[in-house]
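Take this structure first; my questions come after.
The values are calculated or read from the model by the stated rules, or taken from the named source; none is laboratory data. These numbers were taken from a predicted model, which means no experiment stands behind them. Cβ: placed from backbone, ideal geometry, glycine included. Neighbour counts: every protein chain shown. The accessibility values were calculated without ligands, DNA or RNA, using every heavy atom of the protein model including side chains. Shrake-Rupley method; radii C 1.70, N 1.55, O 1.52, S 1.80 Å.
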Amino acid sequence: MSASGSTTAPDSRADTSAPVLELHDVTVRFGGLTALDSVGLAARPGVVHGVIGPNGAGKTTLFNVACGFVRPTSGTLLHRGAPRARFLPHQLAGLRVARTLQGLGLFDRLTVLDNVMVGADRTARSTFWGGLLSTPGSWRDERAVRDRAMAQLEELGVAQHAGRYPSSLPYPVRKRVALARALVSEPELLLLDEPASGLSSDEMDELAGLVEGLTDRMGVLLVEHHMDLVMRVCDEITVLDFGKVIAHGTPAEVQTDPAVLAAYLGEDVA
Amino acid sequence: MAGVPQRLRTTWREVPLARHLVLAAIGLVLVAFTLPAVGDFRATQLTELAYIALAAAGLTVLTGLNGQLSLGHGALMAVGAYTTALLLDERDAGPPLVLVVLAAVAATLAVGVVVGVAAARLHGPYLAGATLAMAVAVPGIAVHFRDQLGGEQGLRTYTPEIPGWAADAAYYLTGSDPSRSTYVAFLAWATLLLGLVLLANLARSRTGRRWAAVRDDEVAAELAGIHLGRARVSAFAVSAAAAGAAGAMLAIADRNVAPGAFNLNLSMTLVAVVVLGGLGSLTGAIIGAAVLTLLVSFGPGLGRSLGLDDLASEQVAPLVAGLVTVAVILLAPRGLAGIAQGRLAARRARRAYTSAPSSDGGSPPSSSTPAGSGSAGTSTAVSTPTGKGTP
Ligand SMILES: Nc1ncnc2c1ncn2[C@@H]1O[C@H](COP(=O)(O)OP(=O)(O)OP(=O)(O)O)[C@@H](O)[C@H]1O
Ligand SMILES: [Mg+2]
């Protein structure tokens, strides 16, 4: 094994900004299966951090741990340096972390605009009672949220679909809507689960440009199978295989790592 | 609406309260002029229509907007009705009616929170089963606490006299003194319209959007920062509050509250009304309630004219209601309001095409999506509550 099966967050880069999210020595077992094995990883602002690995390597499980959907069997999770032993997924937005889902997870019976307005819920201020009585404050807040959602849709070039329902839209448009819903919350860390799946190569180019443009506002954790995209947009890459970190480094380092080559050729790296 | 000033139009679109209040005011005026003209028998029927519609409006918010099924809303109406009866148990000595109704709402809301907490953990058939059990069990409680709740006989409800100003106003409007039935019908309709305004406000607000998000995708809703449990419990509580107000109206209208009124049939009627009207549609709740109350009042007569005996004639209404409900589920899952909305949308689309093809802002008018312009605002398609694991 060439790279460290590292147990702490690697810190090879000269990046001084504190990580938004850290996993230390995280292990997840599902019964007899070890989905994650002493994994360490840090996601920093302004950095696109790729997480790659063969099918079943544990990438989605890693995201689920980061989001509170799966509790690690052992190890610690830190948000902005603070340990989060028992936190729940709905608290994630408040920690300024957003995530897109592999299956999109759009709200099918809400319009595109309403979908994105739900994404902006973290910044909404109107209360239950304000809504019940429809106070001026509540509809001013609604208008502000709507404007922000519209602006986000415009930024991603899908504003013309604001009044449509997701199921009536082509898949690439839906992916953009899902992205808009994540971005509108103004996260400091964005978790993207296979954002390029189902896109044409042109659309993938656009996506790459888009992700690169995000780094002045946030950090990105990117799970992706398309290597050209990963190599183009990522500043650092963590490679998982059978739940273990088998390599970590810059795209150039990872590309030439023998353990990585072996894993991707399907050889057993014992 | 070509001549309407832009500002007024913006207000109409952006301020739900303006929309809902105008509609409710029109409704109230209609009711005020209709009721005195229809006679006591019809007024009593209209009262029943109003409280059924109100309870169904609460249920349609829960089921249509938040995806939680309840087969036990009749039991929640019982909570409101018994609270009312307990507070109005003495002739001429009851607290003001407004306070009585508020107390009924508060009591039902409290029960709704408790049931909602349990319901939030359940899905699909389990939720249906639990709420069904509630529908069956609650009347039994009334029978059990014979001394406090009057057993099978139930409790007598003493409704206050018609207040002087209301009688004067009615006399001024119609030239005759209002009957008790007319007064109660007006109360019930005023309560219904107020309830609809509040529910429509909520449906159009951040809260309604959160409920719908939880209904459509739990994982995505959580990632947006929504607490699933809180969203579900609040939807249940609001829904229960509407049922409580409906129960209060029932108690006042019937002047007697007995367990028999809150049998399974009532709960099932509410479900049928919601399905008929279209899940999530508040206007649909009124339409559905109207259809079902008509059925109930004409069913027995219809049965007898078909040559059935009295016992069989009594079953005509539930039979037809059941069949119509099944037919709506199969043929028009968006309910009667959905059909009307679809017609309207199609006509608008045709007009848009023939007059000014460029005026519809780029979205094809033939889109198969829900029109989403009912008073509840959000869509009206059939909802199937589902559970999801990790993404
Ligand atoms: N909830 C669960 N219960 C049991 N096993 C699970 C669960 N979630 C994931 N696994 C298993 O854990 C391993 C890692 O799964 P994971 O979904 O994280 O892989 P992945 O890297 O995302 O794969 P892919 O590229 O196919 O999406 C797999 O063997 C999977 O079957
Ligand atoms: Mg995966």
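Among A:L23, A:L113, which is away from ligand 1 (no atom under 14 Å from the Cβ), of a type outside the set (S, T, N, Q) and either open to solvent by less than 20 Å² (accessible area, probe 1.4 Å) or not assigned by TED's automatic domain parsing to the domain that holds A:M227 (or both)? If you could, list the steps in order and put the result at the bottom.
Working: A:L23 fails: away from ligand 1 (no atom under 14 Å from the Cβ).
Testing whether each residue is away from ligand 1 (no atom under 14 Å from the Cβ), of a type outside the set (S, T, N, Q) and either open to solvent by less than 20 Å² (accessible area, probe 1.4 Å) or not assigned by TED's automatic domain parsing to the domain that holds A:M227 (or both) leaves just A:L113.
Let's see how each residue does on (1) within 16 Å of ligand 2 (Cβ to nearest atom); (2) without any contact (Cβ under 8 Å) to a residue 24 or more places away in the chain:
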| residue | (1), (2) |
| --- | --- |
| A:V211 | no, no |
| A:V223 | yes, no |
| A:E236 | no, no |
| A:D241 | yes, no |
| A:V245 | no, no |
| A:G249 | no, no |
| A:E253 | no, yes |
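Residues being away from every other protein chain (no Cβ under 11 Å), out of contact with any Lys or Arg (no Cβ under 7 Å at 6 or more places or on another chain) and of a type outside the set (V, I, T): count how many of those fall in the stretch A:42-73.
The initial filter retains those residues of the stretch A:42-73 that are away from every other protein chain (no Cβ under 11 Å), namely A:42-59, A:62, A:66, A:72-73.
Add one more test, that the residue is out of contact with any Lys or Arg (no Cβ under 7 Å at 6 or more places or on another chain), and what stays is A:42-50, A:52, A:54-59, A:62, A:66, A:72.
Cutting the leftovers down to of a type outside the set (V, I, T) gives us A:42-46, A:49-50, A:54-59, A:62, A:66, A:72.
Matching residues across the stretch A:42-73 total 16.
From the list A:P89, A:P83, which one is more than 16 Å from ligand 2 (Cβ to nearest atom), more than 12 Å from the chain's Cα centre (by Cα) and either crowded, with 20+ Cβ neighbours inside 10 Å or of a type in the set (K, R) (or both)? Break it down stepwise before answering.
Details: A:P83 fails: either crowded, with 20+ Cβ neighbours inside 10 Å or of a type in the set (K, R) (or both).
That would be A:P89, the only listed residue that is more than 16 Å from ligand 2 (Cβ to nearest atom), more than 12 Å from the chain's Cα centre (by Cα) and either crowded, with 20+ Cβ neighbours inside 10 Å or of a type in the set (K, R) (or both).
Output the residues belonging to the stretch B:233-244 that are buried (at least 23 other Cβ atoms within 10 Å of the Cβ) and at the interface with another protein chain (Cβ under 9 Å from one of its Cβ atoms).
B:V238
What's the total number of residues in the stretch A:150-204 that are of a type in the set (S, T, Y) and over 24 Å from A:V230 (Cα atoms)?
Step one: list which residues in the stretch A:150-204 are of a type in the set (S, T, Y), which gives A:165, A:167-168, A:171, A:185, A:197, A:200-201.
From the residues that got through so far, the ones that are over 24 Å from A:V230 (Cα atoms) too are A:165, A:167-168, A:185.
Residues in the stretch A:150-204 being of a type in the set (S, T, Y) and over 24 Å from A:V230 (Cα atoms): 4 in total.
Scanning the stretch A:45-76 for residues that are assigned to a strand (DSSP E or B) and open to solvent by less than 10 Å² (accessible area, probe 1.4 Å), which turns out farthest from ligand 2 (Cβ to nearest atom)? Spell out the reasoning first.
Narrowing the stretch A:45-76 to residues assigned to a strand (DSSP E or B): A:48-52, A:74-76.
Subset that is open to solvent by less than 10 Å² (accessible area, probe 1.4 Å): A:48-52.
Values: A:V48: 18, A:H49: 16, A:G50: 14, A:V51: 10, A:I52: 11 Å.
Among those residues, the one meeting the criterion is A:V48.
Residue pairs, Cβ under 8 Å, 6 or more apart or interchain, first in the stretch A:58-84 and within 13 Å of A:A42 (Cβ to Cβ), second assigned to a helix (DSSP H, G or I) and near ligand 1 (Cβ under 10 Å from one of its atoms). List them.
Within 8 Å, the pairs are A:L77/A:V65.
Restricting the stretch B:7-27 to residues that are surrounded by 17 or more Cβ atoms within 10 Å (Cβ to Cβ) and in contact with a Phe, Trp or Tyr (Cβ under 9 Å, 6 or more places away or on another chain), which is farthest from the other protein chains (Cβ to nearest Cβ)?
Filtering first and then ranking leaves B:G27.
Continuing with this model, one more query. Of the residues that make up the stretch A:106-122, is at least one more than 8 Å from chain B (Cβ to nearest Cβ) and within 30 Å of A:T34 (Cβ to Cβ)?
no
So, one more: Output the residues belonging to the stretch A:116-161 that are in contact (Cβ under 8 Å) with a residue 24 or more places away in the chain and open to solvent by less than 10 Å² (accessible area, probe 1.4 Å).
A:V116, A:M117, A:V118, A:G119, A:A120, A:D121, A:V145, A:A149, A:L153, A:L156, A:V158
Return the total of residues in the stretch B:162-186 being free of Cβ contacts under 8 Å to residues at least 12 places away in the same chain and open to solvent by 80 Å² or more (accessible area, probe 1.4 Å).
Adding up the residues that qualify gives 5.
I would also like to ask the following. Within the stretch B:154-195, work out how many residues are basic (K, R) and out of contact with any strand residue (DSSP E or B) (no Cβ under 9 Å at 6 or more places or on another chain). If you could, list the steps in order and put the result at the bottom.
Of the residues in the stretch B:154-195, the ones basic (K, R) are B:156, B:180.
If we keep only those that are out of contact with any strand residue (DSSP E or B) (no Cβ under 9 Å at 6 or more places or on another chain) too, we end up with B:180.
Of the residues in the stretch B:154-195, 1 are basic (K, R) and out of contact with any strand residue (DSSP E or B) (no Cβ under 9 Å at 6 or more places or on another chain).
Further question on the same structure: Which of the residues that make up the stretch A:186-233 are open to solvent by less than 10 Å² (accessible area, probe 1.4 Å), more than 16 Å from ligand 1 (Cβ to nearest atom) and either outside any helix (DSSP H, G or I) or closer than 20 Å to B:L223 by Cβ (or both)?
A:P187, A:L189, A:L190, A:V211, A:L214, A:M218, A:G219, A:V220
Kindly list the number of the only condition in (1) open to solvent by less than 40 Å² (accessible area, probe 1.4 Å); (2) modelled with pLDDT under 85; (3) of a type in the set (V, I, T) that fails for B:V296.
Tallying (1) open to solvent by less than 40 Å² (accessible area, probe 1.4 Å); (2) modelled with pLDDT under 85; (3) of a type in the set (V, I, T), B:V296 fails exactly one: (1).
Can you pull out every residue in the stretch A:229-266 that is out of contact with any strand residue (DSSP E or B) (no Cβ under 6 Å at 6 or more places or on another chain) and within 16 Å of A:V26 (Cα to Cα)?
Selection gives A:L240, A:D241, A:F242.
Pick from B:R210, B:R204, B:R230: which is open to solvent by 50 Å² or more (accessible area, probe 1.4 Å) and under 18 Å from the mean Cα position of the chain (by Cα)?
Values: B:R210 fails: under 18 Å from the mean Cα position of the chain (by Cα); B:R230 fails: under 18 Å from the mean Cα position of the chain (by Cα).
Residue meeting the stated conditions: B:R204.
Restricting to the stretch A:89-105, what's the tally of residues that are of a type in the set (A, V, I, L, M, F, W, C), away from ligand 1 (no atom under 16 Å from the Cβ) and at the interface with chain B (Cβ under 8 Å from one of its Cβ atoms)? Before you say what the answer is, go through the steps one by one.
Within the stretch A:89-105, the subset of a type in the set (A, V, I, L, M, F, W, C) is A:92-93, A:95, A:97-98, A:101, A:104.
Those still in the list that are away from ligand 1 (no atom under 16 Å from the Cβ) too: A:92-93, A:95, A:97-98.
The next check asks that each one be at the interface with chain B (Cβ under 8 Å from one of its Cβ atoms); those that pass are A:92-93, A:98.
Of the residues in the stretch A:89-105, 3 are of a type in the set (A, V, I, L, M, F, W, C), away from ligand 1 (no atom under 16 Å from the Cβ) and at the interface with chain B (Cβ under 8 Å from one of its Cβ atoms).
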